[in-house]
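First up is the structure itself, then whatever we jot down about it.
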Number of protein chains: 2
Amino acid sequence: MSERSCRSALLTDLYEVTMAAAYFENGFSDKASFELFVRSLPKERGYLIAAGLDQALEYLENLQFREDEIAYLRSQPVFRNVRDEFFEYLKAFRFTGEVWAVPEGTPVFGEEPLLRVTAPMIEAQVVETFLLSTLTFQSMIASKAARVASAAQGRTIIEFGSRRAHGPEAGVLAARAAYIGGCVGTSNLEAGKHFGIPVFGTLAHSFVMAYDDEEDAFQRFINIFPERNVLLVDTYDTMAAIEKIIRNGWHPAAVRLDSGNLLALSKLARKRLDDGGLRKTEIFASGDLDEFAIAELLAKGAPVDSFGVGTALATSKDAPALSGVYKLVDLESEAGISYRAKFSHEKVTYPGRKQVYRFHHPDGTFREDVIACESESLEGAQPLVECVMKNGKRIKAAPKLREIQDRAREERMKIPADCARLREPQKYPVTFSDRLRALLRAVHKEMVVKQ
Amino acid sequence: MSERSCRSALLTDLYEVTMAAAYFENGFSDKASFELFVRSLPKERGYLIAAGLDQALEYLENLQFREDEIAYLRSQPVFRNVRDEFFEYLKAFRFTGEVWAVPEGTPVFGEEPLLRVTAPMIEAQVVETFLLSTLTFQSMIASKAARVASAAQGRTIIEFGSRRAHGPEAGVLAARAAYIGGCVGTSNLEAGKHFGIPVFGTLAHSFVMAYDDEEDAFQRFINIFPERNVLLVDTYDTMAAIEKIIRNGWHPAAVRLDSGNLLALSKLARKRLDDGGLRKTEIFASGDLDEFAIAELLAKGAPVDSFGVGTALATSKDAPALSGVYKLVDLESEAGISYRAKFSHEKVTYPGRKQVYRFHHPDGTFREDVIACESESLEGAQPLVECVMKNGKRIKAAPKLREIQDRAREERMKIPADCARLREPQKYPVTFSDRLRALLRAVHKEMVVKQ
């Protein structure tokens, strides 16, 4: 995309702006609170790792409509009856609201608010699309990465999926989220530069094929990269390539297996490397890997030291979308707070601003979460949602990505094992507080009866 | 992402640049040809619609390494032994190669080259990651859109998936690809502005909920948008909302059903609207729709005029990645052409620059495709791969998006019905020419024997 496009205020749905115009023209002056959450987790997900908040807040801090964007809106027939004042309003538009959110790296579950916006209605509304795509995408990838990292039992995982990500930006954001979820690094250079994520790379089959002879290709690569090099050994014949390495007295940091029977090949390769005096040369495996394949390889004793995971991770291939929603929960005017809830078929949402309270067992593992009214205080529980932005400005610097990764690893270990397991995880107990349920009933009575 | 990030030359994998350094330091001067193709189609895909070429060519025309990007590379320990000359080379780097490609909107199948790059090796190598993520993502979404459009049998499909796309850019690119595949428009404003795609929108439940009374909310919306308005009727009670519309004498362009039993509700709504004198008010349905749900609704007689399709389309949810690869096929030096092929386990690739020849039945439908050497000429067949860039510059202007959409619709109709059907499509016949298979055998003999 062009440089202008990737920061455009038009990275939103048309209806956000038509509603904005309708609010403006109707003089709607209430502040609105919206909560962003994932309705329910995909079948194979026992938990999510919150991610993407830094990009969400960066967006809110920088959001403004440029002249050409406003001109585009004006040119749309749908805005024919909207007065100039609305477009003047857009010119001066800035996000001035308050944001509460769950810190990145925190495990969360279905129904739990990841983020809450309280702002004048128009501001709170037009940011919906960007916030949803940013938070749910990164949380989805961080969660997938956490599963992969957990399957690898401490072995190194490198995110390799940029080429299969949903466009170039998705590759960079996936690398960030995968790092949060537990990857040691990424192959994506822009993610390395922009976010300070460690970058890793090996060489491609094309490099080996570019020279008439595999041995010649290896030698030329080693000449330039004498240290920490990873040699790709499966272009022609994996074991023959390993013989060449031993014969030449090379000491690559690792050999990479990218095709074939990774279990059998890794065992053969390990044995031959050890026998050939290359005990320090590690085995790096890649090729259509995911958490299930890694768990199986390790269960069968594959002597793999690190894994490159691409497509499955950068697209969360088995669950490539989360049911993220952004719902109006209250309106605030001089007359006070008016609660809002949605009662559409199968899509009930709870009213009011909420807090998520997490209870722990004495050993530190999570016991249960209770979603409560913000005003409640549940003794002995840890509140997860915290204020991160006031008057459109962050109230503190973003944590370092490495700290977020640490948090994700430490907190993920506290999820009950049955809820964290890879296949058919149990549902972690999340309930709504008595007061919140009473509020829902009251709002239901008031709103539906009125219609 | 920042404006700099979205045009960065670092939107690539580290190994592309380490290989570039190794080629540079070794004085590798051959021109390389790489072909980009999808190895095999996902189970539920009978065909793909080529898309994303315009963004790929725009990238190639504009690619350059900025000072800060080069400084980042230099700072990486892996480049410790690389001489200054390489970084000087990167400063002056531009893509100067030749590109051949299948025009956007063309149906293609597994193994068929979508694009071929012929350029000095380093240039051809470093663009791999961006080209793959751009072409395979958009082709995947265009293909999904074509399936949805085909299921809708001429009814209108609007792409609504930005909020569930893999980040903000993915939402814009998905809107473009979905338009190519057959959507009438998108909700994404940036896609509207940047690509000229028609934009559509309705209103959200939050708007209805922002007012104490649904009728009041409708009236306020209609006041500002008296024409072509779509009223969302399922916030509280769908049929009660329709009664309010009739009672007030409003004539919305459409009512939108977003939850509940869409089959039953669309029939009830249609009948009540007709009885109430609103025959011209259309029914717009949305809510977790995909090609299968739409086909089923229409098979059961749901009187729906248009569909909003979001998550399933913008993420190609049932098949969220394609097995796109970018493979070295030959090297060209003063001594002539040297063919390259890959013989790794289960990952054989054919050598040499190729052409895809499409044969048609007398009625215009596709009969079979033959992948042949570029130098072959197959009588009576249509060659699909054409030259689009020389010396790093496009040789003609990109077609209008509308023309690409027309091509996709017209050409898609020519796919044999068994291969185009939604479920368990038959494999379309794609074979390799005799000469290409002979070349593969010759290269195999030469390359593998040599190792």
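Selection of the range B:200-232 for residues being closer than 16 Å to residue B:251 by Cβ, at the interface with chain A (Cβ under 7 Å from one of its Cβ atoms) and not in a loop (DSSP other than H, G, I, E, B) yields B:221, B:224.
The residues of the range B:1-38 that are among the charged types (D, E, K, R), closer than 23 Å to residue B:74 by Cα and either crowded, with 23+ Cβ neighbours inside 10 Å or under 25 Å from the mean Cα position of the chain (by Cα) (or both), listed by number, are B:3, B:4, B:7, B:13, B:16.
Among the residues of the range A:422-439, none qualifies, meaning not one is assigned by TED's automatic domain parsing to the domain that holds residue A:94, polar (S, T, N, Q) and at positive phi.
Among the residues of the range A:264-289, those that are assigned to a loop (DSSP other than H, G, I, E, B) and either farther than 22 Å from residue A:159 by Cα or under 32 Å from the mean Cα position of the chain (by Cα) (or both) comprise A:276, A:277, A:278, A:279, A:280, A:286, A:287, A:288, A:289. Every listed requirement among (1) surrounded by fewer than 23 Cβ atoms within 10 Å (Cβ to Cβ); (2) hydroxyl-bearing (Ser, Thr, Tyr); (3) within 14 Å of another protein chain (Cβ to nearest Cβ) is met by residue B:326 save one, (1). One residue stands out in the range B:144-178 among those that are away from chain A (no Cβ under 14 Å) and in contact with a Cys (Cβ under 9 Å, 6 or more places away or on another chain): the one that is surrounded by the most Cβ atoms within 10 Å (Cβ to Cβ), namely B:145. Can you say whether residue B:95 is among the aromatic types (Phe, Trp, Tyr), touching a helix residue (DSSP H, G or I) at 6+ places or on another chain (Cβ under 9 Å), in the same structural domain as residue B:374 (by TED's automatic domain parsing) and not in a loop (DSSP other than H, G, I, E, B), as far as the supplied structure shows? No; evaluated as a whole, the condition is false for this residue.
Restricting attention to the range B:254-269 and to residues that are out of contact with any helix residue (DSSP H, G or I) (no Cβ under 9 Å at 6 or more places or on another chain), over 20 Å from residue B:229 (Cα atoms) and not hydrophobic (A, V, I, L, M, F, W, C), the residue that is nearest to the other protein chains (Cβ to nearest Cβ) turns out to be B:261. Assess whether residue B:407 counts as being under 30 Å from residue B:191 (Cβ atoms), charged (D, E, K, R) and buried (at least 19 other Cβ atoms within 10 Å of the Cβ). So residue B:407 fits the description; yes. From the list A:57, A:41, A:48, the lone residue that is surrounded by 15 or more Cβ atoms within 10 Å (Cβ to Cβ), within 30 Å of residue B:9 (Cβ to Cβ) and either aromatic (Phe, Trp, Tyr) or more than 8 Å from chain B (Cβ to nearest Cβ) (or both) is A:57.
Going through the range B:179-196 one residue at a time, which ones are over 13 Å from residue B:161 (Cβ atoms) and either within 11 Å of another protein chain (Cβ to nearest Cβ) or under 14 Å from the mean Cα position of the chain (by Cα) (or both)? Residues satisfying the conditions are B:180, B:182, B:189, B:190, B:192, B:193, B:194, B:195, B:196. For residue A:294, the requirement of being touching an Asp or Glu at 6+ places or on another chain (Cβ under 7 Å) and either surrounded by 22 or more Cβ atoms within 10 Å (Cβ to Cβ) or over 30 Å from residue A:227 (Cα atoms) (or both) is not met. The condition of being in a loop (DSSP other than H, G, I, E, B), among the hydrophobic types (A, V, I, L, M, F, W, C) and farther than 20 Å from residue B:177 by Cβ holds for only one of B:302, B:293, that being B:302. Looking only at the range B:318-332, decide whether some residue is at pLDDT 95 or above and under 30 Å from residue B:255 (Cα atoms). Yes, the range B:318-332 has at least one match. Tell me, yes or no, whether the range B:346-367 has at least one residue that is among the acidic types (Asp, Glu) and within 21 Å of residue A:214 (Cβ to Cβ). Checking the range B:346-367: at least one residue is among the acidic types (Asp, Glu) and within 21 Å of residue A:214 (Cβ to Cβ).
Among the residues in the range A:136-158, are any within 14 Å of residue A:409 (Cα to Cα), without any contact (Cβ under 8 Å) to a residue 60 or more places away in the chain and either not assigned by TED's automatic domain parsing to the domain that holds residue A:333 or not in a helix (DSSP H, G or I) (or both)? Yes - at least one qualifying residue is present in the range A:136-158.
Take the residues in the range A:116-143 that are of a type in the set (Ser, Thr, Tyr) and closer than 30 Å to residue B:203 by Cβ; name whichever of them is surrounded by the fewest Cβ atoms within 10 Å (Cβ to Cβ). The selected residue is A:118.
The values are calculated or read from the model by the stated rules, or taken from the named source; none is laboratory data. The shown structure was predicted, so the numbers you read here are calculated from the model rather than taken from an experiment. Reconstructed Cβ throughout: ideal geometry from the backbone, glycine too, with neighbour counts over all protein chains shown.
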